[in-house]
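Okay, structure first, notes after.
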Amino acid sequence: MDIRAILVNVDLDTANSTALKYAIDLAKTFDAELIGVAAEEPNLAFVGVEGSGAAVDFYALERSEIEKRLDASQQHFRALLPTGMKSQWHAYLSSPVGCLLDTAHMADLIVTGATTSSTFGGRMRVNLGELVLASGRPVLDVGKDVAQASLDKIVIGWKDTREARRAVTDALPFLKRAKQVSALTISEGDVEYERRNLDGLIAWLGKHGVTADSNVIVNSDGYVDVLESTALADGANLIVAGGYGHSRMREWLFGGMTRSLLESSSLNRLLSN
């Protein structure tokens, strides 16, 4: 897959430009069009209270403030774009995650920021897990304070699941540009089988011009953050992993590698489902 269009979730807080700067750098790397999306919806909590005039005034005031923030975000977006970069801008008075899902078909990749799941005015902006599950596109969540799209070292979190296979395929444009690729499997007990399976992945990557080393990590202590800690120790720029390899109920009840990666803000993560 070639990356020809990148969708970036633009934060309404223009001081938080990490994901946008990263997406711009990535668009330059791939000579891709950059599609900026910004959205926020007014708080409807008080509007339905007996149709009171105060509630309507509050809604109108908040809507006006959001429109100002959307305009400021567009100006910020345009100001940061390099001359000649192809771009689009879309702003909505609506649910941020809903707008990203509605525009996902326009792009090959969605870029969000590590603060994407934070709240503004008591409301959730974007739920990263929902975006990974429902967008049908790879989602690259940019780590905190990472504004440059360096692709020197990439770590693949590998398990032979549909989600992991999808993630590695989606990540091929990145892997082909990396100077060092490592594929890691966190052992679940059958090390011999896991080693053979990992060797098969390395052979497949080689057919696509990607040279990678590999390792099966025996995680006897059961740490769910072992992939992240290993990638940090190796100085990786990006982790590639499948999202929600277990059922969503199991992820919710027992945690797991996906939830650990979703909650991380230290590393860039490319997740597919």
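The residues of the stretch 152-245 expose, per residue, 49 Å² of accessible area to a 1.4 Å probe.
In this simple spin-label model, placing a label point 7 Å from the Cα along the Cα-to-Cβ direction at both residue 192 and residue 16 gives a separation of 5.0 nm.
Solvent-accessible area of residue 64, all protein chains in place: 40 Å² (probe radius 1.4 Å, heavy atoms, ligands and nucleic acids excluded).
For an R0 of 30 angstrom, estimate the FRET efficiency from the Cβ-Cβ distance between residue 161 and residue 88 and round to the nearest 0.05. Write out the running numbers ahead of the final one.
Values: r = 34 Å, r/R0 = 1.13.
The value I calculate is 0.30.
The fraction of accessible area contributed by carbon and sulfur in the stretch 128-223 is 45 percent, rounded to a whole number (1.4 Å probe; ligands and nucleic acids excluded).
On full extension, the segment bounded by residue 79 and residue 213 gains 44.1 nm, given 0.36 nm per residue less the C-alpha separation. Computed 3J(HN,Hα) for the stretch 93-110, one whole-Hz value per residue from the Karplus formula 6.51 cos²θ - 1.76 cosθ + 1.60 where θ = phi - 60°, is 9, 6, 5, x, 5, x, 5, 5, 5, 5, 9, 4, 5, 7, 10, 9, 8, 10, glycine and proline marked x.
The values are calculated or read from the model by the stated rules, or taken from the named source; none is laboratory data. Just so you know, these numbers come straight off a predicted model, no measurement behind them. Glycine also receives a Cβ, built like all others from the backbone with ideal geometry; neighbour counts cover every protein chain displayed. Note: areas computed on protein heavy atoms with side chains; ligands, DNA, RNA excluded. Shrake-Rupley method; radii C 1.70, N 1.55, O 1.52, S 1.80 Å.
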